[in-house]
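Coordinate-derived values only; no laboratory data. Quick caveat: nothing in here was measured; it's all calculated off a predicted structure. Note that each Cβ is placed from the backbone with ideal geometry, even for glycine, and that neighbours are counted across all protein chains shown.
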Amino acid sequence: MRSIIFVSFAMLCGCANIVVSLPTPDEVLSTPSKNFMSIFPTVYKDVPGWKSDNHSESLPAFIKSCDKIQKLHKDKAMGKFEEMGKVADWLPLCVAARTIRPGNKTEAQYFFESRFVPYSVSNNQNSEGLFTGYYEPDLRGAFGPDARYRFPIYAKPKDLISANLGQFDDKLKGNKLTGRIKNNKFIPYFTRGEIEDGALSGRQLETVWVDNLIDAFVLHIQGSGRIILPDGSHVRVGFAGKNGKRYTSVGRELVAAGVMNLADVTMPSIRAWMEANPLAAVALMRKNKSFIFFKISKNAGPIGAQGVVLTPRRSMAVDRTYYPMGVPIWLDTTLPGTREKLRRLMVSQDTGSAIKGPVRGDFFWGNGLQAGINAGLMKERGEMYLLLPKSASRPLLAR
């Protein structure tokens, strides 16, 4: 987001260590990178649990993505793989999706089966990867500070500048620097600690004030949230920018300090430790120098990296290096902390700084207490399958 940027348990623990499958010649396409993504065509009867889902529930999310896809140039490639097609391959799918009767499971399932080819995804000889969760938290706040509401949520400062390095050197495409100008020099922006110590005071950047510093920190991780006001009404805040500092995993810091074992690191366990050690918690949070700025949002929900409102349990954050936005993805994993299968059709609509690698996803759980519990506990292994247009598929013998 990230858009709902950031995002999830993995951003707390930084524990994603994804490997996925090396392709076999003449059967897959590959993308050269630090990881090695491969995709292999399969059939729906071999997609685990395919018929168990209500595919009609994913159609509204897909149609939201279509609103963005239909604004792209028809000759634009949707991704690095030829099978991902061009925008022109997706336009008829977007038109057809709107003809499906809302809630009709049979029509929706036939829509996907008749127009898309499923591809299993792997990276460096492993089709299994890590799936975490994120959500939209609720915070208690007010538009003005008092003895209770003491912690500001800041708007994006006007002196925050980002430089796209690809405009200076093609070799640096995709990289950027964020900072500010001082004495005619481009220097790094203020850190979390500097901002909390007053570096932005007096600029009238305080959007709202909340009553809990840990809640504010979680908001920065999730990238958006609802602020419940004293009269019971609420306002939404969404990602507006960040200071450009690298994210530091506080979960990893706790593990390095011997406070926790890596296997025990979850959002609830980190929060419990912070609440029990408030002074140490402040120092811990400041180790993460990254800082997020927010804006008031009038949208019906949090906005993902694609620019659409996220759909609970149907939107997923992926690594944009490998995945186009708006692509249907079949997820095969387990519910947080259980052996119960979580198999459903998702749509790639978001990204996150901790979501790296071809077999890696962050599951959007929605809003509220239970969503927060599920997101905080989710650290599951699983597989994913891309659904790509039949019009862009190629016979194996032609490869």
Exercise for the section: Please find the FRET efficiency linking ALA272 to ILE161, where r is the Cβ-Cβ separation and R0 is fixed at 35 Å, and quote it to the nearest 0.05. Expected result: 0.35
Completion exercise
Calculating Rg and Dmax of the Cα atoms in Å from this structure picks out, from (i) 21.5, 71; (ii) 24.5, 80; (iii) 27.8, 86, entry (i)
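By the scheme Lys and Arg +1, Asp and Glu -1, what is the net charge of all other residues having a beta-carbon under 11 Å from that of PHE111?
On the way: positive: ARG98, ARG101, LYS105, ARG115; negative: GLU107, GLU113.
With Lys, Arg at +1 and Asp, Glu at -1, the net is +2.
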Problem - Cβ-based exposure ranking for ILE181, ILE292, in which fewest neighbours within 10 Å come first - result: ILE181, ILE292
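Would you count, across segment 131-182, every pair of lysines whose alpha carbons are under 18 angstrom apart, provided the pair is eight or more residues apart or spans two chains? Walk me through the numbers before you get to the answer.
On the way: LYS156/LYS176; LYS156/LYS182; LYS158/LYS176; LYS158/LYS182.
Final tally of qualifying lysine pairs is 4.
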Exercise for the section: Show me 63-70, 295-302 ranked by packing, highest mean number of other Cβ atoms within 10 Å first. Expected result: 63-70, 295-302
Handout entry: Cα centroid separation, segment 269-339 to segment 229-267 (Å)
Key = 9 Å
Problem - Net dipole in debye of the chain [+1 Lys, Arg Cβ; -1 Asp, Glu Cβ; about Cα centre; nearest 20] - result: 880 debye
Handout entry: Computed over segment 187-250: relative contact order in percent, which uses C-alpha pairs under 8 Å that are six or more apart
Key = 32 percent
Handout entry: Contact order normalised by residue count of the chain, Cα under 8 Å, 6+ apart, percent
Key = 30 percent
Practice task
Quote the relative contact order of segment 119-263 in percent (integer), defining contacts as alpha-carbon pairs under 8 Å separated by 6+ residues.
Solution key: 31 percent
Handout entry: Cα-projected label distance for LYS51 with ALA300, points at 7 Å along beta-carbon direction, nm
Key = 3.3 nm
Practice task
Please report LYS156, LYS176 as a ranked list, fewest other C-beta atoms within 10 angstrom at the top and most at the bottom.
Solution key: LYS176, LYS156
Practice task
Compute the distance in nm between two label points, each set 7 Å from the Cα along the Cα-to-Cβ direction, one at LEU172 and one at LYS80.
Solution key: 2.1 nm
Handout entry: Unit charges at the beta carbon, dipole of the chain: most positive-side option, TRP330, MET267, SER297
Key = SER297
Exercise for the section: Using DSSP, restrict attention to beta bridges with both residues in segment 219-362 and report what percent are antiparallel, rounded to the nearest 5. Expected result: 85 percent
Handout entry: Length released on extending from ALA283 to ARG101, taking residue separation times 0.36 nm less the Cα-Cα span
Key = 60.1 nm
Exercise for the section: For every helix of n ≥ 4 consecutive DSSP H residues, a contribution of -39,500 (n - 2.57) applies; sum these over the chain, divide by its total residues, and give [θ] at 222 nm rounded to the nearest 500 deg cm²/dmol. Expected result: -6000 deg cm²/dmol
Handout entry: Paramagnetic label zone (point 7 Å from Cα along Cα-to-C-beta, ARG140; backbone N under 11 Å) in segment 191-212
Key = 211-212
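Using the Cα centre as the reference, give the magnitude of the dipole from point charges on the C-beta atoms of segment 141-193 (Lys, Arg: +1; Asp, Glu: -1; all else neutral), rounded to the nearest 20 debye. Walk me through the numbers on the way to the answer.
Details: 11 positive and 4 negative charges, 21 e Å.
Its charge dipole is roughly 100 debye.
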Handout entry: Alpha carbon centroid spacing (whole Å) that separates segment 122-201 from segment 33-51
Key = 34 Å
